[in-house]
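Please treat every number below as a calculation from the coordinates, not as lab data. On a predicted model such as this, the values are computed, not experimentally measured, just so you know. Ideal geometry is used to build each Cβ from the backbone, glycine not excepted, and the neighbour counts take in all protein chains shown.
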Ligand code: GLP
């Protein structure tokens, strides 16, 4: 695993955006696996800035997002569909048909998960998967205890994730209780993985995930087994190493 230490959030965002840019420049028709959460927002902002300067072209890029809440429609401002449009897709020249997220409004979990798995395969797999990390070590919505061999599946969110995400909703009751997510197996099949982390509140989990034992109790720890992982984190997130 390569670790890049950034000074702060802005520096982390720029360093990580450089890695995504390099991927897009080297392979203009690459498949990017994208993530939501607050951590990658600065990275997306940086990509938009470089796009506006004429340094990046997304016209052939394909994207697949990690996860989506089950039961939220695309126009709900808390859906990941909405987030991706707000933070990236609406500001760059990526064709709408090249962007993909699980369909949160599909009630048939089995159908949706199979279709999303097939879609990723039909694109030839993910070239670069971007990840954030939850406080309990979750990646995508793979919560502690999830088996490492799962493809796209429907998960019941843990109380701690519902708590962490309730700040975006009117109340904890409004946070959806389920989500569709790429499984650990899907994530591990990406050719390259880029993980971003920022802030002191992530320091403990960054230490446990990347320097502790590999265990389903800390889903991100499985990344230690992948042969091309880059962690870009700021000093605060690396302060417990
Ligand atoms: C959410 C997302 C994850 C994300 C995590 C951390 O639950 N499903 O993909 O990595 O939260 O989010 P943040 O970056 O806001 O700390």
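Data for the structure
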read-out: Spread of Cα-to-Cα distances over 5 Å intervals beginning at zero, given as percent, for the stretch 185-241; value: 4, 21, 28, 25, 16, 6, 0
read-out: Spacing of the two label points (7 Å from each Cα toward its C-beta) at residue 174 and residue 215, in nm; value: 3.7
read-out: DSSP beta bridges in the chain [antiparallel fraction, %, rounded to 5]; value: 25
read-out: Rg followed by Dmax, in Å, when the stretch 57-159 is reduced to its Cα trace; value: 14.0, 40
read-out: Three principal axis lengths of the chain [C-alpha, angstrom, descending]; value: 43, 42, 35
read-out: Prolate/oblate/rounded label for the stretch 1-112 (Cα gyration tensor, a/c 1.5); value: prolate
read-out: Two-site label geometry, residue 108 and residue 166: point separation in nm, points 7 Å out along Cα→Cβ; value: 3.5
read-out: Projected-area mean, the stretch 137-237, by convex hull of Cα positions, square nanometres; value: 6.4
